[in-house]
Amino acid sequence: MKWKNTNNRDRYWDWSLDSANIEESPLFDAYYGFGSNGNSTASSSVAFGHCVTDGPFAMLQALYFGAEAKRHCLSRGFISKEEARSKSHLYNSEAIHGYLKEPDFDSFYRMLEFGAHNAIPSTIRGDFFMVTAPYGLCKNNLLYG
Amino acid sequence: MTNLYLLDPLFFLHHAQLDRIWFTWQSRDPTTRVLQLSGKDSNNATELMMLEKLLDVGGLDKQISVAQTLNTRAGVFCYAY
């Protein structure tokens, strides 16, 4: 993980640095990061996950899942380490170098979309897993409702 | 790009990284790449995405075109990575 936080620098999560073991990324640290995986001893929640019970967003309540009105806690449910490793070739540094070699926008965005873009949500699952436009469809709910 | 995963706050950092890779790809040949587009309009799958299409921001601000969003270092934006 690398933070860029000076003026006029956008902040991002460079997951290629975490591709060897994404769940151990400092991004999921309970104190310095966004909290860890869903807690398997807590209630189950949407999309194969459980409630996140540590970090700054512990037990964050959501009103929708996708376009469906469904009150639930912020959910994460990592796939197994073996499954995660089997997807890491889609977002490691070699993958990024490969995407950058694509000659035109059409091939570039297809590779990036079906590779890294989808690999991360399908590894973390839970609220991140939803692939249809959620709150954007709900006119009265801006981002977190 | 097209899909949204808005509840988990990680969403923003994930998409910023995707945009950064796009920015890096554009920067390797900005003359031909900054305004390159292809594919369907995700809000209307029967239409192709076009540079002059206006983006819906839910009435929060005035609408701007897709073309106005493709360069992070000019126009309405002013940022790098």
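Values in this text are rule-based calculations from the coordinates and carry no lab data. Nothing here was measured: the structure is a model prediction, and the numbers come from that model. In this analysis, Cβ positions are derived from the backbone assuming ideal geometry, glycine residues included, and neighbour counts consider all displayed protein chains.
Listed values, structure above:
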quantity	calculated
Shape call, chain B: gyration tensor on alpha carbons, a/c limit 1.5	rounded
Label zone at A:S80, where the point sits 7 Å out along the Cα-to-Cβ direction: the range A:9-37 residues whose backbone N lies under 19 Å	A:20-24, A:37
Three-way shape call for the range A:20-108 based on the alpha-carbon gyration tensor, with the a/c threshold at 1.5	prolate
Percent of C-alpha pairs per 10 Å bin, the protein assembly as shown, short to long	8, 30, 37, 22, 4, 0
Cα-based reach from A:K101 at 19 Å (exclusive), listing aspartates and glutamates while leaving out same-chain residues under 8 positions away	A:D14, A:E113, B:D19, B:D29
Environment charge at A:Y91 (Cβ cut-off 12 Å; Lys +1, Arg +1, Asp -1, Glu -1)	-1
For A:103-109, mean number of other protein chain Cβ atoms within 10 Å	5
13 Å beta-carbon shell around A:H117, net charge (K/R +1, D/E -1)	+1
